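Worksheet: one structure, shown below.
Bear in mind these aren't lab numbers, they're just calculated from the coordinates by the rules spelled out. All values derive from a computational prediction rather than experimental measurement. Heads up, the Cβs are rebuilt from the backbone with ideal geometry, glycines too, and the neighbour counts pull from every protein chain shown.
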Amino acid sequence: MSHVCGGVIGYPITPSTEISEMFEAFRAKGGCNVWGKHPFFFEPEGEHSAQSGAMGATLTGGRFISNASSSQGILYGLESHYVTVGKKVGGFVLQVAARSVSKHSLNVMAGHDDVYALLPSGYTILFGSNPQEAADLAAIAYRVSSLSMIPVTNAMDGFATSHMQCETLLPEPELLKEFLGDPAGRIKSPTLAQEMLYGARGRVYQLQQYLSRHCGDIQPDSLTALNEFLQQSGDEIEADNEAKMITDTLTWIPEELQAQWRRQWINAFEKGTRQLVPAMVDVNNPGLTGGVQNQPDFQAGLVDHKTHFANEIPNFVRQAMDEYGALTGRCYDPVQSFMTDDAEHVIVGLGSVTDDAEAVAQYLRSQGKKVGVVSIKLLQPFPEGELVAILDGKKAVTILERSEVTALTNLVTQSLFKARENNDLIRHRGIPPIDNLPKISTGIFGVGGHDLQPRHLIAAYKNMESTLNVPFFYLGSQFFEKNPTGANAELQEKLKQAYPETEFMALDTEENPSLLPDDALRIRFHSVGGYGTIATGKLLTDILAGVMGLHSKSAPKYGSEKSGAPTNFYISLSPEPIKITNAELEDVEIVVSPDHKVFSHTDPLRGLTENGTLIMQSHHTPLEVWKELPANARNTIREKKIHFYIVDAFAVAKKHAPAPELEIRMMGIAFIGAICGHVDRI
């Protein structure tokens with residue numbers, strides 16, 4: 001956004017807040033976009049006003065404009081989102097870190113409720129699976145929006161992608177300048193409808209209009225000669241942006257009008273062109289867009305929008321993806337597949353889960369399983385034909401949903417049903433016919449940031465292989481204990497009898513497989529909000545990945561309570577790229593706890609490997625700390641031969657921080673020093 005946008009109007013809402021914050025920080029330091037323009041930023045009083053303002057800013061034309069929002073913020077501004085699309089506000093991109101919409105309780109973590117809520121508004125919706133894709137699709141989004149004149153939503157999973165730290169190649173400023181083009185510049189109208197609206201009357205028409213206004217100031221013979229010249233040389237005049245042909249006309253123009261005539265010639269637009277981001281309103285010439293329409297005009301407007309504009313979007317998406325791939329080598333398609341050519345069982349997903357699924361599919365392939373993954377990059381308009389071509393001949397398909405709305409399931413199912421109907425009679429253009437439908441299941445996962453382990457995805461694949469093949473289930477949720485006792489056993493039996501279908505909504509799981517190489521390194525922080533643990537984790541990730549030459553992936557875990565509440569940070573380091581994204585690290589080599597009370601509310605030793613390292617904050621002596629540990633913790637440390645270190649990071653920070661406000665950051669530095677100085681593998 002910083003390199004591209006001419007302005008951003010946004011209102012803070014987790015987890016999209018940082019998107020606007022980083023743009024404003026760049027702008028406040030004097031940053032300019034790649035066209036040398038210093039952008040603006042404005043924070044209104046709420047999300048509805050933010051979207052209304054962003055729409056208005058885009059309507060003035062000549063600039064790429066963005067807003068960033070999530071969850072309730074999108075719902076609050078939904079009225080304006082409908083209008084933004086309806087007014088064909090090209091050049092606008094809504095950046096979304098997808099988050100669950102609060103229902104029975106508040107939640108600020110990942111979910112697709114907000115993105116699905118945008119579907120009826122008509123946005124073109126792109127969805128990335130990781131930070132690299134989020135950055136690349138953001139660039140593609142601005143290109144598609146400006147070409148199609150339909151606003152684009154660039155979505156990513158909140159926290160799982162938006163707050164994920166890993167190696168990413170950001171598009172270079174010069175590349176963006178070449179790829180996107182100057183939003184104030186002129187382009188050939190990409191479609192006939194756009195040409196009819198914006199480019200039907202070009203330079204010749206505008207010069208003729210000038211002559212009609214000044215017919216009394218020009219000799220009749222000269223006026224006739226001018227009009228004949230314009231008619232005979234129309235095509236050449238339209239392309240003459242440098243006014244080379246104007247010399248041939250000056251003999252017919254009175255001297256006092258020649259300067260005006262020259263300006264008119266140079267500033268007139270070439271026929272068949274439009275501004276890349278068109279100006280729908282002029283702040284110096286107030287007008288009205290989107291007035292009241294009665295019958296039959298309103299429906300006619302909807303038909304025009306769909307047939308002459310929205311139907312062109314898939315072509316523009318493919319064009320932009322191809323152009324971007326040619327410039328960067330990072331190629332995208334509306335639907336991307338992984339190991340699906342000979343697959344019998346396929347998972348279809350949206351967002352970060354597809355990276356997890358690819359890691360699991362690769363593992364299952366090593367066991368001889370014919371499994372694959374489909375990752376949807378273009379959610380709307382849905383690429384039905386491409387998806388059907390991939391799923392043709394598969395035995396079973398499971399659609400993973402990060403929402404109970406199951407919009408993706410509906411889109412996939414509709415595509416397959418159309419393909420089956422085409423097998424009898426071609427009715428749906430662009431969709432290949434298929435003779436047999438795969439069995440379709442839906443798995444709900446990760447809603448509200450719910451943990452998703454590799455074993456859960458393996459269970460989803462095994463469900464497709466089974467004769468039962470449960471059609472609807474939740475990954476990671478267990479409704480009943482396997483061996484309940486006492487009152488729990490009685491309650492469970494009553495629930496099973498009253499709600500027998502519930503028992504099939506949870507899949508049995510096995511042990512987690514190891515999806516990282518043996519020399520990978522995993523670190524888990526246990527802390528509380530306000531201790532600077534997230535900043536420490538980010539810095540440690542940068543240091544270790546850079547010094548050790550490893551791939552990295554790290555992310556925080558915290559709730560809406562923020563300060564004082566439990567906070568985790570997970571770091572994975574590996575010589576190979578890391579795909580697992582949504583799984584909390586259960587097995588780790590290093591545990592760091594800035595929380596000196598950690599044993600009172602959790603088990604930091606859970607999953608710590610043999611000969612692993614535990615580093616904990618305390619101002620007590622090692623013997624005092626040892627005596628305070630629970631007996632089972634002392635036994636675990638002995639049995640697993642865990643290296644246990646104590647550091648008083650608070651005291652170190654207080655002594656060495658150059659200013660009081662830097663004490664928390666210095667505390668993190670002390671933990672980083674302890675890790676680097678006392679872990680043999682580092």
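Between the range 80-119 and the range 305-325, the alpha-carbon centres lie 21 Å apart. Across the chain, the relative contact order, built from alpha-carbon pairs under 8 Å that are at least six residues apart, equals 10 percent. Which net charge results when you count Lys and Arg as +1 and Asp and Glu as -1 among the other residues whose beta-carbon is under 15 Å from that of residue 588? Computed value for this residue: -2. What angle do you read, to the nearest 10 degrees and between 0 and 90, between the alpha-carbon axis of helix 297-308 and the longest principal axis of the chain? The two axes meet at around 80 degrees. Using a cut-off of 14 Å between beta-carbons, work out the net charge of the residues near residue 667 (Lys and Arg +1, Asp and Glu -1, residue 667 not included). Counting the neighbours of residue 667, the net charge comes to -1.
Under 5 Å between amide hydrogens, built in the peptide plane, is the criterion, and for residue 472 it picks out 442 among residues at least 5 positions away or on other chains.
Shown is the FRET efficiency for residue 196 and residue 620, computed with R0 = 56 Å from the Cβ-Cβ distance and rounded to the nearest 0.05: 0.10. Listed from fewest to most Cβ neighbours within 10 Å, the set 638, 143, 665 follows the order 638, 665, 143.
Sum up the charges of everything whose Cβ sits under 14 Å from the Cβ of residue 179, counting Lys and Arg as +1 and Asp and Glu as -1, but leave residue 179 out. Surrounding charge for residue 179 is -4. Remind me, relative contact order of the range 335-505 in percent, using alpha carbon pairs under 8 angstrom and six or more residues apart? The normalised contact order for the range 335-505 reaches 20 percent. I'd like the FRET efficiency for residue 282 and residue 502, computed as 1/(1 + (r/R0)^6) with the beta carbon distance as r and R0 of 60 Å, rounded to 0.05. With R0 = 60 Å, the Cβ-Cβ based efficiency is 0.50. Report the far tail of the P(r) of the chain, meaning the percent of Cα-Cα pairs longer than 40 Å. That tail contains 42 percent of the Cα-Cα pairs.
Placing a pseudo-label 7 Å from each Cα along the Cα-to-Cβ vector at residue 410 and residue 665 gives an inter-label distance of 4.9 nm. For the range 265-334, the alpha carbon positions stretch 48, 39, 22 Å along the principal axes, listed from largest to smallest.
With contacts taken as Cα pairs under 8 Å and at least 6 residues apart, the range 521-678 reaches a relative contact order of 22 percent.
Dipole magnitude for the chain: about 740 debye, using +1 per Lys or Arg Cβ and -1 per Asp or Glu Cβ, origin at the Cα centre. Measuring against 26 Å, Cα to Cα, the residue pairs 394/553; 37/377; 177/377; 439/557 contain 394/553; 37/377; 439/557 as the ones spanning a longer distance. Taking each DSSP H run with n ≥ 4 as -39500 (n - 2.57) and averaging over every residue of the chain yields -11500 deg cm²/dmol at 222 nm.
The length gained on full extension between residue 257 and residue 426, counted as 0.36 nm times the residue separation minus their Cα-Cα distance, comes to 54.5 nm.
Proximity of backbone amide H atoms, modeled 1.01 Å from N, is registered between residue 87 and no other residue at under 5 Å, excluding neighbours fewer than 5 places apart on the same chain. Shown here is the pair-distance distribution of the range 1-135: with all Cα-Cα distances grouped in 5 Å bins from zero up to the longest one, the shares run 2, 11, 20, 24, 21, 14, 6, 2, 0, 0 percent. Across the options 23, 169, 60, the greatest Cα extent toward the positive end of the charge dipole of the range 7-192 (unit charges at beta carbon of Lys, Arg, Asp, Glu) belongs to 60. Given a Förster distance of 60 angstrom, what is the FRET efficiency for residue 212 paired with residue 365, based on the Cβ-Cβ distance and rounded to 0.05? E between residue 212 and residue 365, to the nearest 0.05, is 0.25. Farthest toward the positive end of the dipole of the chain, out of 230, 368, 480, is the Cα of 480, where the dipole comes from beta carbon charges about the Cα centre.
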